[in-house]
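Read through the structure below, which is laid out as structure tokens, and then see the notes.
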Amino acid sequence: MIRKCLVALNDNTIRLFDIVDKQEKFFHAILNLLEEVMMDKMSLDVLSIYNDYITDLIEEIETKLDTDTWSKLENELKDVKMTVSEFELLMEMKAMSNTEFHKGKRRVLKEVRKQLETSLSNNLQVFKVPLRKLLCAHEIRKLSK
């Protein structure tokens with residue numbers, strides 16, 4: 001009888017360890033997903049900082065463009081040492097920076113410039129040069145308030 005109870009206890013212990021192992025794998029998967037969501041949220045927060053600056057530059061350039069749009073765009077961008085490709089990257093970044101995540105508070109240009117150099121995540125590094133040029137354009141054109 002004791003032998004039968006010990007066998008049953010052993011079987012139950014094995015099943016319990018299996019359940020705990022599965023639960024541990026499940027929790028690790030959830031933790032990984034949460035980390036991904038947090039990284040995405042952090043990226044959106046970073047993007048939202050530049051949204052107003054991008055909008056100001058786009059609006060200022062749009063008011064100057066009429067019939068010969070592309071050549072005028074290129075000329076306007078040359079004034080701020082920016083290429084059409086870099087401008088397109090800024091447009092893409094603005095699209096990524098959904099207004100749902102926009103913070104609403106404009107930060108001081110000096111503070112934004114410092115943050116650009118210190119806290120842009122790896123997946124946003126492609127935007128670093130166009131963002132530098134964007135912030136320079138704000139100084140050149142005196143777009144920042």
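The values are calculated or read from the model by the stated rules, or taken from the named source; none is laboratory data. All of these numbers come straight from a predicted model, not from anything done at the bench. Glycine gets a Cβ as well: all are built from the backbone with ideal geometry, and neighbour counts include every protein chain shown.
Assorted remarks:
- Filter result for the condition that a residue is within 28 Å of the chain's Cα centre (by Cα), surrounded by 10 or more Cβ atoms within 10 Å (Cβ to Cβ) and over 20 Å from Ser121 (Cβ atoms), over Lys22, Lys64, Lys81, Lys94: Lys81
- Residues (more than 24 Å from Ser119 (Cα to Cα), part of a helix (DSSP H, G or I) and either in contact with an Asp or Glu (Cβ under 9 Å, 6 or more places away or on another chain) or of a type in the set (Ser, Thr, Tyr) (or both)) located in segment 44-83: Glu60, Ile61, Thr63, Lys64, Thr69, Ser71, Lys72, Glu76, Leu77
- One residue from Phe87, Phe26 being of a type in the set (Phe, Trp, Tyr), assigned to a helix (DSSP H, G or I) and farther than 30 Å from Ala137 by Cα: Phe26
- Here Asp79, Asp68 are screened, and the one residue that is at pLDDT below 75 and of a type in the set (D, E, K, R) is Asp68.
- From the list Leu44, Leu73, Leu6, the one residue that fits, being touching a helix residue (DSSP H, G or I) at 6+ places or on another chain (Cβ under 6 Å) and either modelled with pLDDT under 90 or surrounded by 10 or more Cβ atoms within 10 Å (Cβ to Cβ) (or both), is Leu44.
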